[in-house]
Amino acid sequence: MAALGKIRSRGAWLIGIIGLGLFAFIAEEAVRGCNGIKGEANQQIGEVLGEKINVQDFQKMVEEYQNAIKFTMQRDNLTEEEMNQVRDQVWQQLITNKVLEADAAQLGLTVTEAELQNVLNEGTNPMLTQTPFVNQQTGRFDVSNLKQFISNYNKAKSSNSPELEQLKGIYDYWLFIEKNLRTQLLTQKFQSLVAGCVLSNKAEAKLAFKDENEEAQVQLASLPYTSIKDADVKVSDDELKAKYETLKPLFAQPVEVRDIKYVKFNITASAADRNVITKQMNAYQSELAAAADPAQLVAKSGSLIAYLGLPVSNKAYQAYPDITSKIDSLSVGTTGVVENKADNTLNIIRVLSKEQLPDSVEYRQIQVVAATPEQARTKADSIQKALVAGGDFEAIAKRYGQTAEKVWFTGQQYETAPSMSPENRQYIEALLKGEVNGVQNLSLAQGNIILQVLDKRALTTKTLAAIIKKEIDFSKDTRSAAFNKFSEFVAKGTSLAELEKQAPKYGFKVEEQKNISTAEHYVVGIRATRDALKWIFDAKVGDVSPLYECGDNDHFLVVALTGVHPKGYRAWDDADVKEALKREVIKDKKAEQLIAKLKGVNSVAAAQGKGAKVSTLNQVTFAAPAFIPEVGGMEPALSGAVAATTAGKFSKAPVKGNAGVYVFQVVKKAQRAGSKYNETAQMQQCAQQNMQYIGSFMQDLVLKADVVDKRYIFF
């Protein structure tokens, strides 16, 4: 009881303690919740139709697309520029698919399994010809080949066969094709539905035929706008504002863009740096010419081109046009040190041999593994003897859980490899130089491979060459001196005004770039500038960025934000908009003056007396804008006016065009020679043209999808 009384006496104090504890608990949970929300928001790469796009989901789609490209091109890696293209394509496809699926769902459009199967059974879809399931005899997709492959893949997966890894790459590629087939079919359905709403009729067809085939000969009098100086035309802000209201849709801006001014510095090799690398390359030239095996020397030199130790075609050097252009013409021997200014390199080429080799080889194989290498070799020897004695290759392969599938190997699959192990080299040499239908037994570290070459095609001159290509690079001292100079400049440039003031003193130039969007990959074309791009979209107008070290560690950059243009319509007084409006208002005012000058004119001769240039136009039709040599431009309004004027008549009023004002006399009109009216064909043509006019409906749907693009934060 005494204890209870003591607790009661301190009740208020205890309630306060408990309350604080509860508050701390609730606050902690709230902070966790906020952090969770913030973390989730930080993983959002964008938004389409209100749906958040997670960066992991997007990256998964990028990897699928990337793997498909690697599979079709038989490459291990893509360049940074290629990866940027992949991300752009995947992003655009993702947006289009989201919009398409949403609209298709509202209309009840779907793609059924039966529809997909029909496409596979027909085998005529162009996408299917890009798969490995093409019948070599017919050159067409064969659904039975696909079914057989999927069966083999499932068996290999359940038995964990050694072939599983190779089969999985093909299987993943097929899943990619199948997914895109479904999207293609849904798109076709949607487009067909839209096309079904676009019709034509007999009246439209008849009028269209007349517009296309009624040709006029015209005597034309032209007064170009250039006959009046721009400086003689005064324009007020009120006139610009009024013009803005009539042209406002032209200044719609679907995404926010920003303007910057910047200073960049590209570090280059000094004279001392060039002397050092030239001396080094001269030494390499002597060593390369004498080397029994150039592999170690090429690796030691840090050459941009790896030595594979295999003959390759000139396609192997597509990334280096200077090598591609000369490799086939070189004979066995070693060149001197040659500078290529296009890529800023010094080059030495030693040609070791040249020979005619196939660029495509068909083969099959049996992988032989066992508990020890010796057991694998013994087993492989017995398989080879059985095959040489006439054994069935596929039947023997089945005993070892393999299909011995026929596969084509091409030069593209190895010629651009960044490196080559001795065993891979041994394997490729066996493919290139093995006799057709001969059986080879390759002994490798992990076991043996029984290899049979079945066919060879596309004999090509291939060259075994060792190439040392080295960039004329700057030294650490040169970079350090450049960094010190640029960082001193940036330290003094605390504002844009200071940057512009200090730049000439340091030999730098302040440049400008406008309308940068979040879809950019690089700032002012310099690689590795993602941090600078993120800064641009976080900064306020007038801010100056820190110094960025970017490019291939060979650039410095500092940026100042000068303008922000939000999504919506550009304002009338925006510098670019104002300039466009001014041009239009000046054109309008010039047209007014020239029309007034032609007032009362009722003949081409009278117009010529007012200073107009006279010419003859032939084959003028309503369907095509007339080209006026005197002004060097197309004039649709003139074509329309000519079509509305009967033969022998003078124009009712001067025509205001894009480049001048015109009056004309229609000399004659006649139907184009050889033209014949076909009502059915003309109606079909009109319907097709009408469909083209609305062909951008998908872009319009995308514009209304409220797309938010934050890829710049992640890539």
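The values are calculated or read from the model by the stated rules, or taken from the named source; none is laboratory data. Because the structure is a prediction, the values reported are computed rather than measured. Because the Cβ atoms are built from the backbone with ideal geometry, glycine has one as well, and the counts that use them run over all protein chains shown. Heads up: the accessible areas ignore ligands, DNA and RNA and are worked out on the full protein's heavy atoms, side chains in. Shrake-Rupley method; radii C 1.70, N 1.55, O 1.52, S 1.80 Å.
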Exercise for review: May I ask for the distance between the Cα centers of region 171-222 and region 681-711, given as a whole number of Å?
Suggested key: 10
Practice item. Taking only the C-alpha atoms, wrap a convex hull around region 416-477 and report its volume per residue in Å³ as a whole number. Key: 134
Review point. How much accessible area per residue does region 583-715 have, in Å², with a 1.4 Å probe?
Key: 57
Point to revise | Rg ratio (alpha-carbon, reference 2.2 N^0.38 Å) - region 479-530 | key: 1.33
Check your understanding: Can you give me the Cα centroid spacing of region 578-611 and region 286-300 in angstrom?
Key -> 76
Exercise for review: Give the carbon-plus-sulfur fraction of the accessible surface of region 575-653 in %, rounded to a whole number; probe 1.4 Å, heavy atoms of protein chains only.
Suggested key: 53
Review point. Taking H as built 1.01 Å from N, whose amide H comes closer than 5 Å to the amide H of A465, not counting residues under 5 places away?
Key: V312, L352
**Study point:** Pairwise FRET efficiency - K534 versus T494, Cβ, R0 = 35 Å, nearest 0.05
**Key:** 0.95
Exercise for review: Starting from region 406-483, pick out the GluC sites (Glu not before Pro) whose DSSP state is loop and whose Cβ has at most 15 other Cβ atoms within 10 Å.
Suggested key: E435
Check your understanding: At what distance in nm do the modelled label points of L304 and A605 sit from each other, each positioned 7 Å from its Cα along Cα→Cβ?
Key -> 7.2
Review point. Projected area of region 441-542, taken from the Cα convex hull and averaged over every viewing direction, in nm²?
Key: 15.5
Check your understanding: Which order do peptides 365-371, 148-154 fall in by mean Cβ count within 10 Å, highest first?
Key -> 365-371, 148-154
Check your understanding: What distance in nm separates the simple spin-label points at A653 and S144, each placed 7 Å from Cα in the Cβ direction?
Key -> 7.4
Revision key, fill the gap. From the cross-link list K52/K241; K379/K433; K261/K492, the entries with a Cα-Cα span beyond 28 Å are K52/K241
Review point. Rounded to the nearest 500 deg cm²/dmol, what is the calculated helix-only ellipticity per residue at 222 nm for the chain, with -39500 (n - 2.57) per DSSP H run of length n ≥ 4?
Key: -15000 deg cm²/dmol
**Study point:** Highest average packing first - 223-236, 609-622, Cβ atoms within 10 Å
**Key:** 609-622, 223-236
Exercise for review: Please report, to two decimal places, log10 I(q)/I(0) for region 497-636 at q = 0.11, 0.16, 0.20 Å⁻¹ as given by the Debye formula with identical point scatterers on the Cα atoms and no solvent.
Suggested key: -0.70, -0.95, -1.31
Check your understanding: In the P(r) worked out for region 299-399, what percent of Cα pairs fall beyond 23 Å?
Key -> 52
Revision key, fill the gap. As straight-line cross-link partners of K147, the qualifying lysines (C-alpha separation under 26 Å, not fewer than 8 residues apart within one chain) are K70, K155, K157, K168, K179, K398, K406
Review point. In region 503-589, how many lysine pairs have Cα atoms under 17 Å apart, counting only pairs 8 or more places apart or on different chains?
Key: 7
Exercise for review: With N set to the residue count of region 528-576, report its C-alpha Rg divided by 2.2 N^0.38 Å to two decimal places.
Suggested key: 1.40
Practice item. With no solvent and one equal point scatterer placed on each C-alpha of region 573-678, evaluate the Debye formula and give log10 I(q)/I(0) for q = 0.14, 0.20, 0.23 Å⁻¹, two decimals. Key: -0.62, -1.09, -1.34
Exercise for review: Write down Rg/Rh for region 47-94, rounded to two decimals, with Rg from the C-alpha atoms and Rh from the Kirkwood relation over Cα pairs.
Suggested key: 1.03
Practice item. Please calculate the 1.4 Å probe accessible area of Y677, with all protein chains present, and give it to the nearest 10 Å². Key: 80
Review point. Cα to Cα, under 13 Å, and not fewer than 8 places away if on the same chain: which aspartates and glutamates meet these conditions relative to K210?
Key: E679
Point to revise | Distance between region 496-512 and region 478-495 - C-alpha centres, whole angstrom | key: 12
Exercise for review: Rounded, prolate or oblate: pick one for region 58-132, where a ≥ b ≥ c are the square roots of the eigenvalues of its C-alpha gyration tensor, a/c under 1.5 means rounded, and failing that, prolate if a/b is larger than b/c, else oblate.
Suggested key: oblate
Point to revise | Ratio of Rg to Rh over region 660-715 (Cα coordinates, Kirkwood Rh, two decimals) | key: 1.34
Study note, to complete from the structure: Sorted largest first, the C-alpha extents of region 178-276 along its principal axes in whole angstrom are 80, 64, 36
Check your understanding: Hey, any idea what the orientation-averaged projected area of the convex hull of region 395-438's Cα atoms comes to, in nm²?
Key -> 4.2
Review point. Say each of A252 and K341 gets a label point 7 Å from the Cα, pointing the same way as Cα to Cβ; how far apart are those two points in nm?
Key: 4.9
Revision key, fill the gap. Excluding residues fewer than 8 positions from K476 in its own chain, the aspartates and glutamates with Cα under 19 Å of it are D273, E488, E549, D552, D554
Point to revise | Cβ-derived FRET efficiency at R0 56 Å, A389 paired with Q689, nearest 0.05 | key: 0.20
Exercise for review: Work the Kirkwood hydrodynamic radius out for region 388-510: mean of 1/r over every pair of different alpha-carbon atoms, inverted, in Å.
Suggested key: 20.8
Review point. So what's the net charge close to L464: Lys and Arg +1, Asp and Glu -1, counting the other residues with Cβ under 10 Å from its Cβ?
Key: +2
Check your understanding: For the chain, what log10 I(q)/I(0) values come out of the Debye formula at q = 0.09, 0.10, 0.11, 0.12 1/Å, with one point per alpha carbon and no solvent?
Key -> -1.23, -1.31, -1.34, -1.37
Revision key, fill the gap. Result: in region 611-715 the number of Lys pairs with C-alpha under 18 Å apart, spaced 8 or more or on different chains, is 5
Exercise for review: Determine, for each peptide in 459-467, 354-362, the mean count of other beta carbons within 10 angstrom over its residues, then list the peptides with the highest first.
Suggested key: 459-467, 354-362
